[in-house]
Amino acid sequence: MEIKADDYAVNYEEKDKTLYFKGSFMMNGAEEYAPILNLLKQVADKHVNGDPLTLDLQALEFLNSSGINTITKFVIYARNLESLSLVIQGSLHVIWQVRLLKNLQRL
């Protein structure tokens, strides 16, 4: 499963149970992020058997406010899947990722 454009990519590696985010996400609004949110939900729905699902944001260079909103919506969605364990990986060297992960942890 993959969504790919010139500036970004999201791909799911089933063997790793990991969604990898790469590039810069600068789309406008929820409509343009809808395919990504749908992919995240589709993958999460497959992993309600207790296997952890990882979102790897380490190669994500930029995420605008609409993208942050999309990730937040997904975390709230995942939180309601009682048997899903969600792990989000970011880089300590990317300041916005540190801030985002702290905020997501509060959810």
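The values are calculated or read from the model by the stated rules, or taken from the named source; none is laboratory data. Fair warning: this is a prediction, and the values are worked out from it, not measured in the lab. All accessible areas refer to the heavy atoms of the entire protein, side chains included, with ligands and DNA or RNA removed. Shrake-Rupley method; radii C 1.70, N 1.55, O 1.52, S 1.80 Å.
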Lys102 accessible area, assembled protein chains, probe 1.4 Å, Å²
120 Å²
With every protein chain left in place, what is the accessible area per residue of the chain in square angstrom, probe 1.4 Å?
58 Å²
Total lysine pairs under 19 Å (Cα atoms) in the chain, excluding pairs fewer than 8 apart on one chain
11
With all protein chains present and a 1.4 Å probe, the order of Arg99, Arg106 from largest accessible area down is Arg106, Arg99
The range 18-79 - Kirkwood radius from inverse mean 1/r over Cα pairs (Å)
12.1 Å
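Send over the Kirkwood Rh of the chain, from the inverse of the averaged 1/r over different Cα pairs, rounded to one decimal Å.
Hydrodynamic radius (Kirkwood, Cα only) of the chain equals 13.8 Å.
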